[in-house]
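Working notes, beginning with the structure itself.
The values are calculated or read from the model by the stated rules, or taken from the named source; none is laboratory data. What you are looking at is a predicted structure, and each value in this text was computed from that prediction instead of being measured. Reconstructed Cβ throughout: ideal geometry from the backbone, glycine too, with neighbour counts over all protein chains shown. For the accessible areas, the whole protein counts, side chains as well, though only heavy atoms, and no ligand, DNA or RNA atoms are used. Shrake-Rupley method; radii C 1.70, N 1.55, O 1.52, S 1.80 Å.
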Amino acid sequence: MKKILLFLVLLFMVTVPVIHSAQTHTVSISQIVEHPSLDAMRDGFKDRLKEAGFDVIYNEHIAQGNQATNIQIANQIKGESPDLVLTITTPSSQAVAQKIKDIPVLFTGVTDPVAAGLVKSLMHPGKNISGMTDLSPVLRQVELIKEFLPEVKTIGTIYNAGEANSIVLTNLLKEVCKDFGIKVEEASVANSSGVYQAAKSLVGKCDAIYIPLDNTVVSGLEAAIKVCRQNKLPIFSADTDSVERGTVAAIAVDYYRMGLQTADMAARILGGKAKTADMPVETLQNLRLFVNEKAAARMGVKIPKQVMDRADEVIK
Amino acid sequence: MSLYAFMGAIEQGTAFGLMVLGVYLTFRVLDFPDLTVDGSLPLGAAVSAVAISNGYHPLTGMAMAVGSGFIAGAVTGILNTKFKILHLLASILTMISLYSINIRIMGRPNITLLGEDTLIDQFIELSGLAPHYSTPILFAIISGAALLALIWFLKTSFGLAMLATGDNPKMVTSLGVNRDMMIIFGVGLSNGMVALSGALVAQNQGAADVNMGIGTIIAGLASVIIGETLFGKPNVTRAMLSALLGSVIYRIAIALALGVRFGDFAFTPSDLNLVTAALVVVALVSPHIKSGLLKRRAS
């Protein structure tokens, strides 16, 4: 018995390191700013690589929203010469793409990688860089609002006209709404302190407010929620984290899952099974539906039963 | 700090050095606190990026950037001198309008230069050096040339009048110098240099982005102050050189802060702003401490 045990222990000691951590990898991360969704991607990425048995040392860099620092980070990463670079958001990806041509780079949280100049095409990235887009499922989100408010005539939206992502999403929203015969009332802000004013300007002009994936507006979201509570105006978001903060509901890309899927791409690269040049840009199919009962009650909407039944999470 | 990070800091320091020279010109020479720079840096980036992506030579794009920056600065100058709006407010007004104007110019908030033939690519090809050597060399040449041009300009009679405008506005007016003209031209010149800096930064970063100007004035002032503290300012030549060197030192300090490892003593990425502020405070306070120590030793 003892011998068998000893044998098993020895076998474990020999095989486990071989299977799991034949070597230590280094991964450098460049992220433009700290923000719950962006942090969730980073966490998901790290958790999945750990799960998959990779022994990884991380060099994490966050530019605090400063694009000058952002380029310095790209140079810093070049000096670290990691096995892989993870870039989170468009500006961080562009700076790294400009500076690093010989290390595999995976981007995540980029809405339009072709327009950003990161890849030639989504199917054939062609160089040392590939990754995942987070293009928001706007159609599914408008459908969700219609489930709550079948009679919805006008949707108000708040976004920062200075965010590339937001322009793409707002145009997409207008396109989708046009097909449904819904009017879109826009309010744009320059910084998160303008959100309160923007939300107020929409009161009386729309049946619901929709907050796209906009870093500026999401960081000042509480102001919009406050206005919506006071005026019994339902507010919907494009990310699930915001539902926990007080929006009625969201069907969204789950950033943590996005990090997990990006890590799967990373595992293929670190394991030597794939090269970025041949890895098509991926999108997340697995969406999550969150509803907030209290928010719905305060903003005067009933949660339809079919929505309640398929919700991934109900916030009480 | 790795070689790449060090060369990168020099590259950043010289690219932003043009901006710092511009800030020096307004802040110290004209005594005109000018926040236009947060808008004119991305303006230069936007104009040059649109020009380059429409097939113009990068140098043409950069010349257009300088022109647009000059106009932006002149607008601030006119708001201040002709419409009697306080300099700080005048520059804020121009800065916030530039946000909208920059999006108009680009047609969207972000224009990529990845894959475009930038001046950096052309210089890499010309010099045959690796990018991490050739880019800092290119930027050092450009900012060095701008430095020499500026020193030459400030020694002409027009330049001397500009120096006097900041020092003693009453005197220059009594000498028959048109003070308003000096302010308008000076702030214009300053922002022309800032816009040129933006054009270089955009090519270096692979994109022009409407938000890239955030924090420009802080970096500019920090660099000016660090330069003055370390290298002194006995005359115009030395002062301008100090400003440029201050820019490089500032970026090296940031690179050092970025390179701090996460050991038991954990500097997290979110500490970066604090580190930057602490750096400026140290630069501001150190001359006092130094003179205090000297006094104590003397007594």
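With respect to B:Phe16, is the statement that it is over 24 Å from B:Gly159 (Cα atoms) and part of a helix (DSSP H, G or I) true? Spell out the reasoning first.
On the way: over 24 Å from B:Gly159 (Cα atoms): no; part of a helix (DSSP H, G or I): yes.
Answer is no for this residue.
In the range B:193-216, what residues are surrounded by fewer than 24 Cβ atoms within 10 Å (Cβ to Cβ) and either more than 14 Å from chain A (Cβ to nearest Cβ) or in a helix (DSSP H, G or I) (or both)?
If we filter the range B:193-216 for residues that are surrounded by fewer than 24 Cβ atoms within 10 Å (Cβ to Cβ), which is where we start, we get B:211, B:214-215.
The answer is B:Asn211, and nothing else.
Can you tell me which of B:Leu25, B:Leu43 is within 14 Å of another protein chain (Cβ to nearest Cβ), in contact (Cβ under 8 Å) with a residue 12 or more places away in the chain, buried (at least 24 other Cβ atoms within 10 Å of the Cβ) and under 18 Å from the mean Cα position of the chain (by Cα)?
Working: B:Leu25 fails: within 14 Å of another protein chain (Cβ to nearest Cβ).
Residue meeting the stated conditions: B:Leu43.
Can you name the residue in the range B:93-110 that is part of a helix (DSSP H, G or I) and at the interface with chain A (Cβ under 9 Å from one of its Cβ atoms) and, of all such residues, is surrounded by the most Cβ atoms within 10 Å (Cβ to Cβ)?
Filtering the range B:93-110 for residues part of a helix (DSSP H, G or I) gives B:93-106.
Imposing the further condition that a residue be at the interface with chain A (Cβ under 9 Å from one of its Cβ atoms) reduces the set to B:96, B:99-100, B:102-103.
On the way: B:Ile96: 14, B:Tyr99: 21, B:Ser100: 15, B:Asn102: 28, B:Ile103: 18.
Only one residue fits best here, namely B:Asn102.
Specify the residue that is farthest from A:Thr111 (Cα to Cα); the eligible residues are those in the range A:231-241 that are modelled with pLDDT of 90 or more and under 21 Å from the mean Cα position of the chain (by Cα).
Taking the candidates together, the pick is A:Ile235.
Looking at (1) more than 14 Å from chain B (Cβ to nearest Cβ); (2) in contact with a strand residue (DSSP E or B) (Cβ under 6 Å, 6 or more places away or on another chain); (3) polar (S, T, N, Q), which is the only condition A:Ser136 fails?
Going through the list (1) more than 14 Å from chain B (Cβ to nearest Cβ); (2) in contact with a strand residue (DSSP E or B) (Cβ under 6 Å, 6 or more places away or on another chain); (3) polar (S, T, N, Q), A:Ser136 breaks only (2).
Return only the number of the condition from (1) surrounded by fewer than 20 Cβ atoms within 10 Å (Cβ to Cβ); (2) over 18 Å from the mean Cα position of the chain (by Cα); (3) in contact (Cβ under 8 Å) with a residue 12 or more places away in the chain that A:Lys178 does not satisfy.
(3)
Can you pull out the residues in the range B:117-135 that are touching a residue at least 40 places away in the same chain (Cβ under 8 Å) and open to solvent by 60 Å² or more (accessible area, probe 1.4 Å)? Quick ask: steps written out before the conclusion?
First pass over the range B:117-135, keeping only residues touching a residue at least 40 places away in the same chain (Cβ under 8 Å): B:117-120, B:122, B:132-133, B:135.
Residues satisfying the conditions are B:Asp117, B:Tyr133.
Of the conditions (1) surrounded by 21 or more Cβ atoms within 10 Å (Cβ to Cβ); (2) not in a loop (DSSP other than H, G, I, E, B), A:Gly117 clears all except one; give me its number.
So the condition that A:Gly117 fails would be (2).
Can we say A:Cys228 is away from chain B (no Cβ under 14 Å), touching a residue at least 60 places away in the same chain (Cβ under 8 Å), more than 21 Å from the chain's Cα centre (by Cα) and assigned to a helix (DSSP H, G or I)?
Values: away from chain B (no Cβ under 14 Å): yes; touching a residue at least 60 places away in the same chain (Cβ under 8 Å): yes; more than 21 Å from the chain's Cα centre (by Cα): yes; assigned to a helix (DSSP H, G or I): yes.
Considered against the rule, which asks whether it is away from chain B (no Cβ under 14 Å), touching a residue at least 60 places away in the same chain (Cβ under 8 Å), more than 21 Å from the chain's Cα centre (by Cα) and assigned to a helix (DSSP H, G or I), A:Cys228 comes out as yes.
Does B:Gly8 satisfy the condition of being crowded, with 23+ Cβ neighbours inside 10 Å, away from chain A (no Cβ under 14 Å) and touching a residue at least 40 places away in the same chain (Cβ under 8 Å)?
Working: crowded, with 23+ Cβ neighbours inside 10 Å: yes; away from chain A (no Cβ under 14 Å): no; touching a residue at least 40 places away in the same chain (Cβ under 8 Å): yes.
So B:Gly8 does not fit the description; no.
Can you pull out the residues in the range A:69-103 that are open to solvent by less than 10 Å² (accessible area, probe 1.4 Å), of a type in the set (Gly, Ala, Ser) and either touching a Leu at 6+ places or on another chain (Cβ under 9 Å) or not in a helix (DSSP H, G or I) (or both)?
A:Ser93
In the range A:108-127, which residues are within 23 Å of the chain's Cα centre (by Cα) and within 12 Å of another protein chain (Cβ to nearest Cβ)?
Within the range A:108-127, A:Val110, A:Thr111, A:Asp112, A:Pro113, A:Val114, A:Ala115, A:Ala116, A:Gly117, A:Leu118, A:Val119, A:Lys120 qualify.
Does B:Ile71 meet the test of being away from chain A (no Cβ under 14 Å), open to solvent by 60 Å² or more (accessible area, probe 1.4 Å), of a type outside the set (Lys, Arg) and within 28 Å of A:Val189 (Cα to Cα)?
Details: away from chain A (no Cβ under 14 Å): yes; open to solvent by 60 Å² or more (accessible area, probe 1.4 Å): yes; of a type outside the set (Lys, Arg): yes; within 28 Å of A:Val189 (Cα to Cα): yes.
Spelling it out, B:Ile71 is indeed away from chain A (no Cβ under 14 Å), open to solvent by 60 Å² or more (accessible area, probe 1.4 Å), of a type outside the set (Lys, Arg) and within 28 Å of A:Val189 (Cα to Cα).
Is there a residue being surrounded by 17 or more Cβ atoms within 10 Å (Cβ to Cβ) and assigned to a loop (DSSP other than H, G, I, E, B) anywhere in the range A:47-60?
Looking for residues that are surrounded by 17 or more Cβ atoms within 10 Å (Cβ to Cβ) and assigned to a loop (DSSP other than H, G, I, E, B), one finds at least one in the range A:47-60, hence yes.
Could you pull out the residue among B:Thr229, B:Thr173 that is open to solvent by less than 50 Å² (accessible area, probe 1.4 Å), over 19 Å from B:Gly39 (Cβ atoms), part of a helix (DSSP H, G or I) and more than 14 Å from every other protein chain (Cβ to nearest Cβ)?
Working: B:Thr173 fails: open to solvent by less than 50 Å² (accessible area, probe 1.4 Å).
After applying the criteria, what remains is B:Thr229.
Can you work out which of the residues in the range B:75-90 that are free of Cβ contacts under 8 Å to residues at least 60 places away in the same chain and surrounded by 18 or more Cβ atoms within 10 Å (Cβ to Cβ) is nearest to B:Gly186 (Cα to Cα)?
The first filter runs over the range B:75-90 and keeps only residues free of Cβ contacts under 8 Å to residues at least 60 places away in the same chain, leaving B:75, B:79, B:83-90.
Subset that is surrounded by 18 or more Cβ atoms within 10 Å (Cβ to Cβ): B:75, B:79, B:87, B:90.
Working: B:Val75: 11, B:Leu79: 14, B:His87: 13, B:Ala90: 15 Å.
Within the range B:75-90, the match that is nearest to B:Gly186 (Cα to Cα) is B:Val75.
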